[in-house]
């Protein structure tokens, strides 16, 4: 069962077995909720609750998603 380990800044970090996921709004003009796999290290950075860490992880995710030629605002888990 997926457990919520952090909620704040308009996003949710969950853990399922040994994997972490972050659900967040990736939309620009409208709501486009996304859920992406993140590393344990990224999850720990988000859970510090520091704005710059959360922003840094979101940028990392968007760069990673873009490298797969997927629009950051499109829904899905990668």
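The values are calculated or read from the model by the stated rules, or taken from the named source; none is laboratory data. Quantities reported herein were computed from a predicted structural model and do not represent experimental measurements. So basically every Cβ, Gly included, is an ideal-geometry build from the backbone, and we count neighbours across all protein chains shown.
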Qualifying residue in the range 10-28 (condition: more than 11 Å from the chain's Cα centre (by Cα) and modelled with pLDDT under 85): yes
Conditions (1) in a strand (DSSP E or B); (2) under 9 Å from the mean Cα position of the chain (by Cα) -> residue 6 fails only (2)
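Only one residue in 22, 44 is within 14 Å of residue 56 (Cα to Cα) and part of a strand (DSSP E or B). Which one?
Numbers: 44 fails: part of a strand (DSSP E or B).
Exactly one residue qualifies, and that residue is 22.
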Among the residues of the range 25-37, the number that are assigned to a strand (DSSP E or B) and either surrounded by 19 or more Cβ atoms within 10 Å (Cβ to Cβ) or out of contact with any strand residue (DSSP E or B) (no Cβ under 8 Å at 6 or more places or on another chain) (or both) is 2
Determine, yes or no, whether residue 73 is surrounded by 15 or more Cβ atoms within 10 Å (Cβ to Cβ), modelled with pLDDT under 85 and on the phi < 0 side of the Ramachandran plot. yes
